[in-house]
Structure formats: structure tokens, C-alpha cells
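See below for the structure under consideration.
The values are calculated or read from the model by the stated rules, or taken from the named source; none is laboratory data. Please read all numbers here as calculations on a predicted model, not as lab measurements. Note that we place each Cβ from the backbone using ideal geometry, even for glycine, and neighbour counts take in every protein chain shown.
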Amino acid sequence: MSPQPDPVRRRPAPYPVLVVGSGAREHALVWALAQSPSVSEVWAAPGNPGIATLAAIAEIPVTDVEATAEWADVHGIGLVVVGPEGPLAMGLADLLHARGIPVFGPSRAAAELEWSKAFAKDFMRRHGIPTAPYGVFTEMDAALDFIRDARDPLVIKADGLAAGKGVIICGTAAEAESAVRSVLIERAFQGAGDRVVIEGFLEGEELSVIAVVDGERIAILPPARDYKRLRDGNQGPNTGGMGSFAPVGDLDPNLLARVREMVLEPAVAGLRAEGRLYRGALYAGLMLTSGGPMALEFNCRFGDPETQAILPLLDLDLAELLLSCAEGRLASEHIAAHPAAAVCVVLAAHGYPERPRGGDVIEGIEDAWRSGVLVFHAGTALSAGQLVANGGRVLSVVGTGSDLDEATARAYAAADMIQFNGKQMRRDIAMSLAPQPA
Ligand code: AMP
Ligand code: GLY
């Protein structure tokens, strides 16, 4: 068998790295990459004020994928790490690939696993990946017939990217009908709602398993759990994520092997068989049901806020790991991790998620850092020399420790040191171990 041609150019270490994105996940990536022995310099586009303390900033919006690829080429970047799904769905990885620049992040065709939920469900069916029964609809009448024949409860999902908001859990057929109407007719999610996925509700605990993929081989990162509801006890509206912890330690020892064999490996093999190049992070959102793990969704990137809790646990050169995936030469399926735990508490702005308020002055970050935690910026800005809230999720405070209790205590002690008007945070991250949808 002839070896696959390698279209990417190799650059000797140390090389400059570019991180694309501006959230706390990207701040965590920059933080870890800045410690990688193989990195000469870290750049971020466009970054945020926290990232700017560790990386040089390229003022390019994440949506300007052409400019990003051009910039990376001109600046001799040795590895581009793409944080959010938007630029991947717009083909950033393809543009970089065409220029011979190694990129950690899948092609647009492979990222369809995230940017179309209908594609993802059909893909799972084609490749035998366990997932909830479902139907995909563009017409109201057919959707209503499906709802009438289905058993309650149901989950209604807008097909396209909707910033984590396009999923509606419905206890009754009447709720499901009105949810489908809001997606297909009232266009609550605009173009993301050209199609709707209707699927059966699964019961169990959720788990986020993220693998790094080199097109063929995978290595699994410590499993994490995130908390999507705004308030304690999984109450209130869905958010982008109010906290996370890793590793999830109370798992059946065979579970990760089953997730690998039943979900991740068939997904990577299926993408490859369909000619969709996948070199990047593959995130499986799972429900651990009584019948075994089932896939709720795939994301084509690192999770946010899972990444903030996972990266501090790793005991390796992150740039080298990600570059080996970008170049199709992942050497080992083993990920070296410290025997430790990490807990991420998100501090959100007043009014989040509906109408986050900007401009509240943030104080106490230095005290928090001094207490030994990590503080990753998401929605922050500098205004007249002061750091202010500038977005829904403002900061991620990450405590580490020898076990979850220690990590949790550190994260909360530091989260309490940081003050801004209207600060919202959950008090039960890593304490209630089984978040359930309402
Ligand atoms: P998704 O974006 O598809 O992961 O959905 C967001 C959240 O909705 C998930 O993390 C779950 O909490 C919930 N969810 C999605 N699909 C289902 C399902 N079939 N059964 C139960 N909960 C679900
Ligand atoms: N934590 C869920 C996500 O990143 O989509």
C-alpha cells in the first residue's frame, strides 16, 4: 500500500502558533500552548484582553476566514488551532490546507457533523452509531404526523448552527407541535431552521467525551461534564455552559472503551470512508442510558467550558499533540494526564442569557490568580483602562486539586474574590453529579 501523500508542510520546532477565537476556551488553549516547548510564539485572532497577556493579537474577526488564512501564510505560522465551529463551517481549515499550513480543525465537509444536525443523525444511522430514534422534516404536516405517532417526550432541534440554542425539550405532543412551528414557520432560529430534527428523549446522565483525531487515529481526553442550565439544580434557561469538571471519575471502567468502539471510531472511519477529512477535536455529547451510551450530538471542536477544565490536567506538549493530528501522524492513543481534578465555574453577566449587560467593572482577578487558580477571559473588554464585562459569559475560573473536592473548593473561593455588578454563577458545579434536562 502506498503511503498517503502528506499535503502539509513541516516546520521544525519551535514554530509560531495561531489560535482562532476569542472565548475562555481559546484563552485556555493559548495558556497551554504558551507552555509547549515546541512553540516559539503564540498569536490569537482576535483574542480578548486576557489572551492578550499571553499572546500577540491579530485583529481579524473569526468570520473572516480568507483574511485569517492569508495572515497565517504571511506570518509563517506552523500550526493553526481553530476554537469555534463558525470558521470551520465556513471552510477555514480547507483554505489553510490549500496553502499547506497545518491546521487543527476539520474541513468544512467533515464539520457538517456539527453544522447540520440532520446530517449528523443520518450519518449516525449510516454508520451504526447509537442515537435516539428521529425524523427530519421540512414540512409542517409531515412533522405533525411524526409527532402524533411518536411517544412523548420529544426533543425538537433546528438543523443548523444556533449558538447552542436550537434544542427544545418537549414533555407533550402539544409542546412539540408548537416547538416545530416556532422552528419551521416562525423561523425562531432563522436559516438554522430550514429543517427540523425530531427525536426521542433519552434519560440518563450526560457525558462529554472529546477525542483528538488525525484523520484516522484517535486519542481520548479526560472525560468531562458540563452544566448547561443557568441556575443551581439544573433550573432556568439553557446557556452556553455555566461550568464543567474533569475527569468524570465515577464511570464504569469499560465505558470509555465502549464510547471509543461504538461512537468515536465508527464516526472517524465513516468520515474517512465518505472522503471528509477530519483532523481536529471530535466532541461526542453522550447520554449514558440504561441501554448504554448514546450520542446526542457531535461537535467539530473542543467543548466550552469543558476545555477549560481538561487542559490543566494534561501532562504533555499540547502543540505537538495537535500538530501530530494536523499532519496525520498521531503517535499514541494514550494522553498523559496528571492524577488531578479540575473544576471550572463560569461567571456570567447580569441578564445572561437573554440580554447580557455590558460595562460592569470587574475587580479581584489578580487576587484570584494569586490564590492559585486559572482565570480565563471570555466576554471582557478594556474601557478607559478598566476591565469590564462585555458579553454573556464573562470569565471561567478554574480550580485544580488532587481531587474534585479540593478543586471545587479552590474554584469557588477564587470565584468569590472576583466581583462585578450583576455577577451570576452556579453554586453546584461538580457537586450535583447528574445534571438532567428538566
Ligand atoms: P445538543 O445541542 O443536541 O447536545 O442538545 C443540547 C442539550 O439538549 C443536550 O446537552 C441535552 O441536555 C439535551 N438533549 C438533546 N437531545 C436530547 C435527547 N434526545 N434526549 C434528552 N436530552 C437531549
Ligand atoms: N459544552 C458544550 C459545547 O461546547 O457545545
Write out, first by first residue and then by second, each pair whose Cβ atoms fall under 6 Å of each other, whose residues are 6+ apart or on separate chains, and whose first residue, in the stretch 233-244, is in contact (Cβ under 8 Å) with a residue 60 or more places away in the chain while the second is small (Gly, Ala, Ser) and within 14 Å of ligand 2 (Cβ to nearest atom). 240/164; 244/224; 244/309
Please list, ordered by residue number, the strands (runs of 3 or more DSSP E) wholly in the stretch 90-204 having 3 or more residues that are hydrophobic (A, V, I, L, M, F, W, C) and within 16 Å of ligand 2 (Cβ to nearest atom). none
Would you be able to say whether some residue in the stretch 289-302 is more than 16 Å from ligand 1 (Cβ to nearest atom) and in contact (Cβ under 8 Å) with a residue 12 or more places away in the chain? no
Could you tell me whether residue 276 is over 21 Å from residue 429 (Cα atoms), assigned to a helix (DSSP H, G or I) and out of contact with any strand residue (DSSP E or B) (no Cβ under 7 Å at 6 or more places or on another chain)? no
Of the residues in the stretch 339-356 that are loosely packed, with under 15 Cβ neighbours inside 10 Å and touching a residue at least 40 places away in the same chain (Cβ under 8 Å), the one that is nearest to residue 308 (Cα to Cα) is 339
Cβ contacts < 6 Å: first residue modelled with pLDDT of 95 or more, restricted to the stretch 410-438; second residue assigned to a loop (DSSP other than H, G, I, E, B) and of a type in the set (Val, Ile, Thr), any location; separation 6+ or different chain. Result? 410/373; 414/373; 420/362
Would you point out the residue of the stretch 19-53, among those that are out of contact with any strand residue (DSSP E or B) (no Cβ under 6 Å at 6 or more places or on another chain) and assigned to a loop (DSSP other than H, G, I, E, B), that is surrounded by the most Cβ atoms within 10 Å (Cβ to Cβ)? 23
Residue selected from the stretch 34-82 under the condition among the β-branched types (Val, Ile, Thr) and in contact (Cβ under 8 Å) with a residue 40 or more places away in the chain, by the criterion farthest from residue 98 (Cα to Cα): 51
When you check residue 409 against the structure, is it assigned to a loop (DSSP other than H, G, I, E, B), surrounded by fewer than 22 Cβ atoms within 10 Å (Cβ to Cβ) and of a type in the set (A, V, I, L, M, F, W, C), yes or no? no
Exactly one condition in (1) under 19 Å from residue 145 (Cβ atoms); (2) crowded, with 21+ Cβ neighbours inside 10 Å is false for residue 175; which is it? (2)
Identify, by number, the condition in (1) more than 13 Å from ligand 1 (Cβ to nearest atom); (2) of a type outside the set (A, V, I, L, M, F, W, C); (3) modelled with pLDDT under 85; (4) within 30 Å of residue 63 (Cβ to Cβ) that residue 139 doesn't meet. (4)
